[in-house]
Amino acid sequence: MMSAPPIRLQGHRISRSFGGNQVLFDVDLTLHAGEVHALLGENGAGKSTLVRILSGYLPPSSGEIKVSGEPRRFRSSGEAETDGVVMIHQELALAEQLTVEENIFLGRELRRGLFLDRRAMRARCREALVELETDIDPATRVKDLSTSDQQMVEIAKAVTRDVRVLIMDEPTASLTEREVQILFSLVSRLRKKGVAILYISHKLREIEQIADRVTVLRDGHLIDTGLAEGRSKEDLARLMVGREINEMYPARSSVASDAPIVLEARNIEVPGAVRLASFTLRRGEVLGFGGVVGAGRTALCEAILGLRQRRAGEVLRNGKSVSFRHLRDAVRYRIAYLTEDRKGKGLVLNMGLRPNLTLLNLRAYCHPLISRQREAQAYAEAAKRFDIRLRTDVSTAGELSGGNQQKLLLAKVMSIDPEIVIINEPTRGIDVGTKQEIYRFIRDLTESGCSVILISSEMSELIGLSHRVAVMCAGVLTGVLEGDEVNEQEIMQYASGIKGVGGNEHRRA
């Protein structure tokens with residue numbers, strides 16, 4: 001009988017309170033060498049608090065941490081990294097004004113005597129990037145990289161350390177499918193080297209693919225832990241939310257073929273991003289936009305909204321030509337935009353919850369000064385409508401869980417009472433329970449006569465929510481699918497350029 005692999009990291013009866021609010025209750029977690037251990041739970045379940053404790057960012061209120069059998073009480077993340085415990089954060093922790101190389105070695109620069117050994121750092125940086133199969137230039141400033149490339153830099157930053165325990169918090173949230181597979185290959189190599197990996201993801205298909213063990217948290221309590229083999233996605237989802245998940249996507253109402261066109265784009269061109277894209281959106285419709293990351297979906301919608309410069313094209317609202325130079329122009333025409341980057345562009349993280357909610361429609365609360373009473377009333381109504389759940393110690397948007405941040409952002413954009421809502425990656429980094437809430441909200445929007453443009457990299461979302469799916473490839477809107485055509489195979493053929501590009505099958509959306 002084979003002996004169990006050695007234990008790299010162990011948390012015993014870990015608890016944590018914020019003021020009088022306890023968020024972790026006597027949680028045990030054991031990470032073995034050469035294993036991938038998945039940590040699952042809804043947003044607010046306590047996952048982030050637990051891993052911040054294990055990696056030295058936060059002390060436990062009670063409990064014990066052991067590294068290779070030796071008790072540890074980390075006073076900082078630096079102390080944890082000295083013991084080989086390294087964390088890749090869901091929210092990127094990079095200095096945007098510095099280069100890739102400078103970020104990777106920030107705070108632990110290599111030296112030759114009194115001077116920095118730039119040659120050695122450049123060589124080690126290139127090795128890490130080659131291992132990740134990316135052509136990122138080490139001399140590039142991080143601010144000039146795409147979100148997915150920044151995530152790859154964050155991963156490279158972690159693997160250049162002497163890592164024995166690697167904690168990965170939603171590492172694939174902004175990666176392309178190809179980059180996900182590269183990451184999984186890296187995980188496999190690290191596993192063979194004896195690294196213990198704690199992997200947090202809401203994508204249950206990923207857990208099926210790479211996890212050896214699974215631990216599930218719910219409301220700060222350990223619900224279940226054990227081998228991943230034999231556990232279905234449905235079993236894991238049920239453990240996470242404490243109820244059956246039968247109907248993920250609500251039933252859609254039909255849209256009449258002669259329903260009024262509320263928005264039309266004609267031959268939109270964005271330099272370096274979109275070429276002559278045209279589509280229509282009807283009242284009460286969900287028009288999905290499919291395609292790989294970088295296909296031009298976001299650039300097209302942001303050009304329509306005035307967030308990007310467009311070189312050519314026309315936008316019509318209810319049949320009349322309009323021109324939006326700023327997002328506030330679109331807001332006046334009752335068009336709202338839910339950005340994919342809720343932390344960077346959607347919310348002001350160090351600001352309170354009420355000001356975040358009312359920021360987009362501030363004039364409605366000024367007579368002439370801001371009415372705190374009306375603002376408080378609006379927040380109370382939004383918290384109830386969108387089921388925003390708070391710990392007692394939360395005072396800013398940055399302290400909310402990812403799911404509650406997304407709900408706050410939804411409440412913010414809905415404060416203008418829009419007739420058209422453009423939603424970009426609505427469930428990125430969101431747990432399965434909150435996903436269902438957002439899907440029901442989208443259904444309710446269309447049933448009330450609102451129209452939705454849905455940009456999503458989740459194939460099941462596009463298929464489950466959209467009446468039609470417009471597909472883009474390399475800046476070209478290659479076609480629109482409807483009815484029985486809305487299936488994974490057809491979407492992928494248009495997204496990869498097999499169909500539509502330059503052929504007779506190109507159709508207006």
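Within 30 Å of THR339 (Cα to Cα) and modelled with pLDDT of 85 or more, is that true of ALA80? Considered against the rule, which asks whether it is within 30 Å of THR339 (Cα to Cα) and modelled with pLDDT of 85 or more, ALA80 comes out as no. Scanning the stretch 444-461 for residues that are surrounded by 18 or more Cβ atoms within 10 Å (Cβ to Cβ) and either under 16 Å from VAL471 (Cβ atoms) or under 22 Å from the mean Cα position of the chain (by Cα) (or both) turns up VAL452, ILE453, LEU454, ILE455, SER456, SER457, GLU461.
Quick check, is GLU96 in contact (Cβ under 8 Å) with a residue 12 or more places away in the chain, in a loop (DSSP other than H, G, I, E, B), in contact with a strand residue (DSSP E or B) (Cβ under 6 Å, 6 or more places away or on another chain) and closer than 30 Å to LEU349 by Cβ?
It is false that GLU96 is in contact (Cβ under 8 Å) with a residue 12 or more places away in the chain, in a loop (DSSP other than H, G, I, E, B), in contact with a strand residue (DSSP E or B) (Cβ under 6 Å, 6 or more places away or on another chain) and closer than 30 Å to LEU349 by Cβ.
Taking (1) within 22 Å of the chain's Cα centre (by Cα); (2) more than 14 Å from GLY479 (Cα to Cα); (3) in contact (Cβ under 8 Å) with a residue 40 or more places away in the chain in turn, GLU302 satisfies each apart from (3).
Considering only the stretch 409-422, I want to know if a residue exists there that is at pLDDT 90 or above and within 24 Å of THR176 (Cβ to Cβ). Yes, that holds for at least one residue.
Here is a yes/no grid of residues against (1) farther than 21 Å from PHE386 by Cα; (2) outside the structural domain of ILE304 (by TED's automatic domain parsing):
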| residue | (1), (2) |
| --- | --- |
| LEU409 | no, yes |
| ILE423 | no, no |
| THR427 | no, no |
| GLU458 | yes, no |
| GLU461 | no, no |
| LEU481 | yes, no |
| ASN487 | yes, no |
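Residues in the stretch 198-239 that are more than 17 Å from ASP169 (Cα to Cα), buried (at least 16 other Cβ atoms within 10 Å of the Cβ) and of a type in the set (A, V, I, L, M): LEU222, ALA228, LEU236, ALA237, LEU239. Within the stretch 406-462, the residues that satisfy the criterion of being polar (S, T, N, Q) and more than 24 Å from ARG205 (Cβ to Cβ) are SER415, THR446, SER448, SER451.
Here THR280 does not fit the description of being farther than 18 Å from CYS450 by Cα and touching a residue at least 24 places away in the same chain (Cβ under 8 Å). Residues of the stretch 275-304 that are crowded, with 19+ Cβ neighbours inside 10 Å, of a type in the set (A, V, I, L, M) and either modelled with pLDDT of 90 or more or not in a loop (DSSP other than H, G, I, E, B) (or both): ALA277, LEU281, VAL286, LEU287, ALA299, LEU300, ALA303, ILE304.
If you go through the stretch 110-133, how many residues are in a loop (DSSP other than H, G, I, E, B), without any contact (Cβ under 8 Å) to a residue 24 or more places away in the chain and surrounded by 13 or more Cβ atoms within 10 Å (Cβ to Cβ)?
At the first step, the residues of the stretch 110-133 found to be in a loop (DSSP other than H, G, I, E, B) are 110, 113-114, 117, 132-133.
If we keep only those that are without any contact (Cβ under 8 Å) to a residue 24 or more places away in the chain as well, we get 110, 113-114, 117.
If we keep only those that are surrounded by 13 or more Cβ atoms within 10 Å (Cβ to Cβ) as well, we get 110, 117.
Residues that pass the stated criteria total 2.
Residues that are without any contact (Cβ under 8 Å) to a residue 24 or more places away in the chain and over 21 Å from GLY291 (Cα atoms): does the stretch 438-446 have at least one? Yes, that holds for at least one residue. Highlighted here would be strands (runs of 3 or more DSSP E) found entirely within the stretch 387-488 that include at least 2 residues which are among the hydroxyl-bearing types (Ser, Thr, Tyr), but there are none.
Do we find that SER146 is at pLDDT below 80, among the polar types (S, T, N, Q) and crowded, with 19+ Cβ neighbours inside 10 Å in this structure? Here the answer is no, as SER146 does not meet what is asked.
Quickly run through the stretch 34-51 and pick out the residues that are touching a helix residue (DSSP H, G or I) at 6+ places or on another chain (Cβ under 9 Å) and either within 20 Å of ASP431 (Cα to Cα) or buried (at least 17 other Cβ atoms within 10 Å of the Cβ) (or both). Break it down stepwise before answering.
Our first condition is that a residue be touching a helix residue (DSSP H, G or I) at 6+ places or on another chain (Cβ under 9 Å); within the stretch 34-51, this holds for 34-36, 38-45, 48.
Scanning the stretch 34-51 gives GLU35, VAL36, ALA38, LEU39, LEU40, GLY41, GLU42, ASN43, GLY44, ALA45, SER48.
Does the stretch 324-343 contain any residue that is modelled with pLDDT of 85 or more, small (Gly, Ala, Ser), in the same structural domain as ALA259 (by TED's automatic domain parsing) and assigned to a helix (DSSP H, G or I)? Looking through the stretch 324-343, at least one residue is modelled with pLDDT of 85 or more, small (Gly, Ala, Ser), in the same structural domain as ALA259 (by TED's automatic domain parsing) and assigned to a helix (DSSP H, G or I).
Does LEU92 fit the bill of being farther than 30 Å from ILE430 by Cβ, of a type in the set (A, V, I, L, M, F, W, C), at pLDDT below 85 and touching an Asp or Glu at 6+ places or on another chain (Cβ under 7 Å)? So LEU92 does not fit the description; no.
Condition check for LEU24 on (1) touching a Gly at 6+ places or on another chain (Cβ under 8 Å); (2) of a type in the set (A, V, I, L, M, F, W, C); (3) surrounded by fewer than 23 Cβ atoms within 10 Å (Cβ to Cβ): one failure, at (3).
The values are calculated or read from the model by the stated rules, or taken from the named source; none is laboratory data. As the structure is a computational prediction, the values presented were derived from the model and not from experiment. So basically every Cβ, Gly included, is an ideal-geometry build from the backbone, and we count neighbours across all protein chains shown.
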